[in-house]
1. Which of the residues belonging to segment 51-78 are closer than 12 Å to Leu16 by Cβ, assigned to a loop (DSSP other than H, G, I, E, B) and without any contact (Cβ under 8 Å) to a residue 40 or more places away in the chain?
2. Look through segment 51-69, keep the residues that are closer than 22 Å to Gln124 by Cα and of a type in the set (Lys, Arg), and return whichever of them is surrounded by the most Cβ atoms within 10 Å (Cβ to Cβ).
3. Within segment 9-50, take every residue that is open to solvent by 10 Å² or more (accessible area, probe 1.4 Å) and assigned to a strand (DSSP E or B) and give me the one that is modelled with the lowest pLDDT.
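The values are calculated or read from the model by the stated rules, or taken from the named source; none is laboratory data. Keep in mind that what you see is a predicted model, and the values were worked out from it rather than measured. Ideal geometry is used to build each Cβ from the backbone, glycine not excepted, and the neighbour counts take in all protein chains shown. Heads up: the accessible areas ignore ligands, DNA and RNA and are worked out on the full protein's heavy atoms, side chains in. Shrake-Rupley method; radii C 1.70, N 1.55, O 1.52, S 1.80 Å.
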Amino acid sequence: KMPTPRMQLAVDSWLLAVELGALRINEVCRLRHDMRVENAFRWIEGKVPKPRYHPINSRAQAIIDKYAGGENVLLLVPDGLGGDAFYRAIETATASNNRALKAACELLGLPRIKTHNARHTGAQRIKQATDIHTARRILGHSKVSQTEEYLDELDTSIIDDGFDEMDIEWARWGNKN
């Protein structure tokens with residue numbers, strides 16, 4: 001049994017969320033090419049506008065290149081939506097991603113994950129590269145205890161290895177067809 005294109009999109013959106021610094025799925029859905037400045041995505045968000053800066057590493061760039069062609073970085077929501085239609089599309093994309101991730105994890109024999117687990121994984125990587133206080137600021141948490149909750153929830157090594165395996169299998173399958 002091989003992964004489907006929908007499974008691959010779900011895995012790629014999960015990996016992109018991790019690689020860009022623990023993004024939420026709604027943030028991945030909102031990424032547009034016009035938010036790119038040099039080798040990073042930059043935007044301002046929130047009630048009290050906070051600048052966001054997410055450097056693009058080589059793994060993230062490979063995922064972005066795979067889905068090039070539209071206004072949005074990934075094909076999770078249709079281009080050009082605004083207002084309520086956009087937020088309904090994000091809800092639909094999140095539910096669809098969770099179903100596809102469940103199927104991908106079953107296919108690979110991995111523990112089940114959801115789209116939000118990418119944020120936990122990204123938080124762990126940020127913490128490993130910096131410290132808990134820097135991780136708290138990047139994630140936008142008001143308290144260190146909130147960040148610590150993210151760091152305790154998931155063993156990412158099993159999932160990272162599984163998604164690497166899925167990428168290899170997907171490439172083999174794509175070369176056959």
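1. Of everything in segment 51-78, those that are closer than 12 Å to Leu16 by Cβ, assigned to a loop (DSSP other than H, G, I, E, B) and without any contact (Cβ under 8 Å) to a residue 40 or more places away in the chain turn out to be Ile56, Asn57.
2. Arg52
3. Looking at residues that are open to solvent by 10 Å² or more (accessible area, probe 1.4 Å) and assigned to a strand (DSSP E or B), I get Glu45.
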